[in-house]
Amino acid sequence: MVRVALLCSITQLAGATIYCCYEKWEGGCDDYSGSGEGLCNNDFTKSCVLDSDCGAPPSPPLPIPVPMPNPIPTPIPTPVPVPVPTPVPSPTPPSAKIPLHVVMRMDDISPIDVADVQASVINWMVAHKVKFNFGIIAGNDPSDPWSTYWPANCPGDDYCDDVSVMAVQSAYDNGHVLGTSKHAFLEIGNHAFNHEGWSQQWAGYQPKGTWQQFQADDFKKSQALLTSKYPKAKIRYFAAPTNMADGQTIEVMKANGLDILSAQGTIPCDNSTLYPHNPPFWGYLYTPCMVESNDAQFKGECVPENDVWASSAGFANINGVFSAPANSANSHWPQDMEGISVEDTLGVDACGCTSDGLRLTCGLVSAAKKNAERSNGLHWTVLMMHPQTKFPGQTYAEWLDEFYAKAMSLEHYDVKFINFADLVQLKAEAMEVAV
């Protein structure tokens, strides 16, 4: 009895210490010496994204069985022939599926407007423990007297009792936000202070003369509020409002402690004739951080060298900031209120973004396949989401129920929902199975 109890204790101890560590903490990642990248605590030379990437602890040896007395042999009866059943094809084993990394990015988290939907989505993610990323609009539009803002001091400020504000606070207080515990899975992002002001700083693809100063002021206010409100949270990513950003945005982000930029990089099916894969557009419908100079020259200032997004060296990094554009969505693009079906959102049989002349439909599988062509085989996508999106006949939570179930049961793809912090740690070095 003593030996059996000892074996169980060793097993439980071993199982409890297998983590993918991103920082040093007592009780599991004591020996971590990295700089923010995921490393296995059972082999700190091995990179990881999830705990499961580090493997399971070995099973303890079974107790040596006690020999039993030999039974008196009895005659063996003649076997009766049994009909051979028709073989049933086996389902595709998980190991044969292509890993597909999905960053769910929800913009426009703010009080009052569809706050109940925001709260329901965050609470759904908490209940299901699904990795999720949401960008908070920290301030208001000074030109709009009815514009809301994210409360910095609660109790005291307006909107402290707003259900979206309380949902975020509850997730933070309960250790679900990155930076608050080792098992956190929700990532807070910066979605600007004066959200409406971003698009007003552009004329087509050209930023106005006030653009640089506007960005500096806006980032300073938004990041100060968010880091004060959520001091333990690791707030690293910025989701550009209306996906307007440029090379200056990268520099201002770095000055404010942000190192992940998510703009837009939608890719059509045909990127060889109508959309050739060469600079300056690189075959995109909307090139990440596209800027037009005064002499009518274009450049995608958030596109990595040669449009290669992942390699064995890591994920796309431009002047010290990771570029992770959205290229799929659960609504029509740019009509973010028009939700699409789960099947269209998955886009298993689609080829890139498709258009009906007025709007785009960009499924996540088709986007991930297009990204893989530019990422040395790594399948990934950032899925754009908005709380104001309406799904005919379904609440947002009901849509998520259907979406999650179907995404996790895809025949050829092993969908992994991840945070932006996970995405930028990925490398394209493992061979992937082709369908």
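The values are calculated or read from the model by the stated rules, or taken from the named source; none is laboratory data. The structure presented is a predicted model; accordingly, all values stated were derived computationally and were not measured. When we count neighbours, we look across all protein chains shown, and the Cβ atoms used for this are built from the backbone with ideal geometry, even at glycine.
Descriptive notes on the structure:
- Condition check for GLY314: of a type outside the set (Phe, Trp, Tyr) and farther than 19 Å from ASP422 by Cα: no
- Members of segment 396-427 that are hydroxyl-bearing (Ser, Thr, Tyr) and surrounded by 15 or more Cβ atoms within 10 Å (Cβ to Cβ): TYR396, TYR404, TYR413
- Among the residues of segment 175-207, just one is in contact (Cβ under 8 Å) with a residue 12 or more places away in the chain, surrounded by fewer than 16 Cβ atoms within 10 Å (Cβ to Cβ) and within 22 Å of TYR230 (Cβ to Cβ), namely LYS182.
- Each residue in segment 327-362 was checked for being in contact with a Cys (Cβ under 9 Å, 6 or more places away or on another chain) and over 17 Å from PRO392 (Cβ atoms), and 11 of them qualify.
- Residue in segment 143-154 that is exposed (fewer than 15 other Cβ atoms within 10 Å of the Cβ), under 21 Å from MET244 (Cβ atoms) and at pLDDT below 95 present: yes
Residue-by-condition table, conditions (1) more than 21 Å from the chain's Cα centre (by Cα); (2) outside any loop (DSSP other than H, G, I, E, B); (3) touching a residue at least 60 places away in the same chain (Cβ under 8 Å); (4) buried (at least 21 other Cβ atoms within 10 Å of the Cβ):
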site: THR273; (1), (2), (3), (4): yes, no, no, no
site: ASN294; (1), (2), (3), (4): yes, no, yes, no
site: VAL303; (1), (2), (3), (4): no, no, no, yes
site: ASP349; (1), (2), (3), (4): yes, no, no, no
site: GLY357; (1), (2), (3), (4): yes, no, no, no
site: LYS370; (1), (2), (3), (4): no, yes, yes, yes
site: GLY377; (1), (2), (3), (4): no, no, no, no
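- Subset of segment 305-347 (residues that are part of a strand (DSSP E or B), under 18 Å from the mean Cα position of the chain (by Cα) and of a type in the set (Phe, Trp, Tyr)): PHE315, PHE322
- Restricted to segment 93-146, and to residues there that are small (Gly, Ala, Ser), touching a Ser or Thr at 6+ places or on another chain (Cβ under 9 Å) and in a loop (DSSP other than H, G, I, E, B), the residue that is farthest from SER375 (Cα to Cα) is GLY139.
Okay, residues lined up against (1) in the same structural domain as LYS221 (by TED's automatic domain parsing); (2) modelled with pLDDT of 95 or more; (3) more than 24 Å from TYR396 (Cβ to Cβ):
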{"position": "PRO79", "(1), (2), (3)": "no, no, yes"}
{"position": "PRO89", "(1), (2), (3)": "no, no, yes"}
{"position": "HIS101", "(1), (2), (3)": "yes, yes, no"}
{"position": "MET106", "(1), (2), (3)": "yes, yes, no"}
{"position": "ILE112", "(1), (2), (3)": "yes, no, no"}
{"position": "MET125", "(1), (2), (3)": "yes, yes, no"}
{"position": "PHE132", "(1), (2), (3)": "yes, yes, no"}
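- Tally, over segment 379-415, of residues that are within 20 Å of GLY352 (Cα to Cα) and part of a strand (DSSP E or B): 10
- Qualifying positions in segment 373-390 - touching a Gly at 6+ places or on another chain (Cβ under 7 Å) and farther than 24 Å from HIS101 by Cβ: LYS390
- Test result for ALA245, in contact with a strand residue (DSSP E or B) (Cβ under 7 Å, 6 or more places away or on another chain) and over 21 Å from THR381 (Cα atoms): no
- Taking segment 20-52 as the range and being hydroxyl-bearing (Ser, Thr, Tyr) and either assigned to a strand (DSSP E or B) or at pLDDT below 75 (or both) as the test, the residues that pass are TYR22, SER35, THR45, SER47, SER52.
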